Amino acid sequence: MNQRRILLGVIGRPHGVRGLVHVHSHTADPADLTAYGDLSDAKGRQFVLRWRGEGVAEIAEIVDGKPVTVKDRDAAAKLTRTELFIDRDRLPPAEEEEFYLSDLVGLAAFDGAGKPLGKVTLVHDYGAGASLEIEGNGKPIIVPFTRACVPVVNIAAGRVEIVPPDEIDVPNADAEHAA
C-alpha cells in the first residue's frame with residue numbers, strides 16, 4: 001500500500017492561558033485520536049496530545065526526540081488550524097462492507113454495463129453523507145456514496161460500479177470521441 005497521510009484532527013483555538021487547545025477529532029470516538037501515537041502536520045512537525053477535558057488537549061511538539069509542551073496561550077494560538085495526520089498504514093484494516101473514504105480516491109469508476117466513467121478524484125463528506133466526484137468523460141460528476149448509487153466497491157481490484165440517479169447527467173464518452 002502506498003504511503004498516504006490521513007487527516008485525523010485539527011487544532012482549534014486556545015483554551016485558557018496555559019497552552020491548552022481545542023482539538024477537533026475526525027475519529028469515530030474523538031478520544032481515540034491519541035491512540036495513534038505521534039501526529040504530524042503538513043510541515044512534518046510531530047505532535048503528541050494528552051486530553052485534559054472533552055475536546056481540550058495539552059499539546060507537545062517533538063523536538064530532537066523530546067516532547068516540548070506548549071505552555072502559554074500565544075504559543076497555542078500559533079497552532080490554530082494546524083491539521084494533524086498519520087500515515088494510512090497506521091490505521092487498522094476496515095471492516096467488511098466498510099471503507100476508509102481516502103481509499104476510494106483513485107479507484108476506476110464503471111457503469112453497470114462495465115463502460116468506464118473515469119476515476120474517483122475526491123470524496124466529499126460534509127456530515128450529511130459522503131459523495132464521490134468522478135472525472136473522466138467530460139465534466140466531473142458527483143454521486144452519493146450510497147449502496148443504490150455505488151453498489152460495488154472493490155478496493156483490491158481498484159474499481160467501483162456507479163449507478164447514477166436519473167437527475168445526474170453522465171457525459172457520453174462515445175459522443176465526445178466522435179466529435
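The values are calculated or read from the model by the stated rules, or taken from the named source; none is laboratory data. These figures come from a predicted structure and were not determined experimentally. Glycine also receives a Cβ, built like all others from the backbone with ideal geometry; neighbour counts cover every protein chain displayed.
Can you tell me which residues in segment 18-47 are out of contact with any Ser or Thr (no Cβ under 8 Å at 6 or more places or on another chain) and β-branched (V, I, T)?
Answer for segment 18-47, where residues must be out of contact with any Ser or Thr (no Cβ under 8 Å at 6 or more places or on another chain) and β-branched (V, I, T): V23, T27, T34.
To keep it simple, each residue is scored yes or no on (1) aliphatic (A, V, I, L, M); (2) modelled with pLDDT of 95 or more.
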| site | (1), (2) |
| --- | --- |
| H124 | no, no |
| E133 | no, yes |
| N137 | no, no |
| I142 | yes, no |
| T146 | no, no |
| V160 | yes, yes |
| I168 | yes, no |
| P171 | no, no |
| A175 | yes, no |
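Any residue in segment 74-83 that is of a type outside the set (V, I, T), over 20 Å from G158 (Cα atoms) and either in a strand (DSSP E or B) or not assigned by TED's automatic domain parsing to the domain that holds L39 (or both)?
Here is the first cut: in segment 74-83, the residues of a type outside the set (V, I, T) are 74-79, 81, 83.
Still in the list and also over 20 Å from G158 (Cα atoms): 74-79, 81, 83.
Keeping just the survivors that are either in a strand (DSSP E or B) or not assigned by TED's automatic domain parsing to the domain that holds L39 (or both) gives 83.
Yes, segment 74-83 has at least one match.
Among the residues of segment 6-39, write down those that are closer than 26 Å to L104 by Cβ and either assigned by TED's automatic domain parsing to the domain that holds I155 or in contact with a His (Cβ under 9 Å, 6 or more places away or on another chain) (or both).
I6, L7, L8, G9, V10, P30, L33
Only one of these conditions is not met by D72: (1) under 20 Å from V23 (Cα atoms); (2) surrounded by 13 or more Cβ atoms within 10 Å (Cβ to Cβ). Which number is it?
(2)
Being in a strand (DSSP E or B), under 19 Å from the mean Cα position of the chain (by Cα), surrounded by 14 or more Cβ atoms within 10 Å (Cβ to Cβ) and not polar (S, T, N, Q) narrows it down to one of V23, V48, so name that one. Break it down into steps so the answer makes sense when it comes.
Values: V48 fails: under 19 Å from the mean Cα position of the chain (by Cα).
Within the list V23, V48, the selection yields V23.
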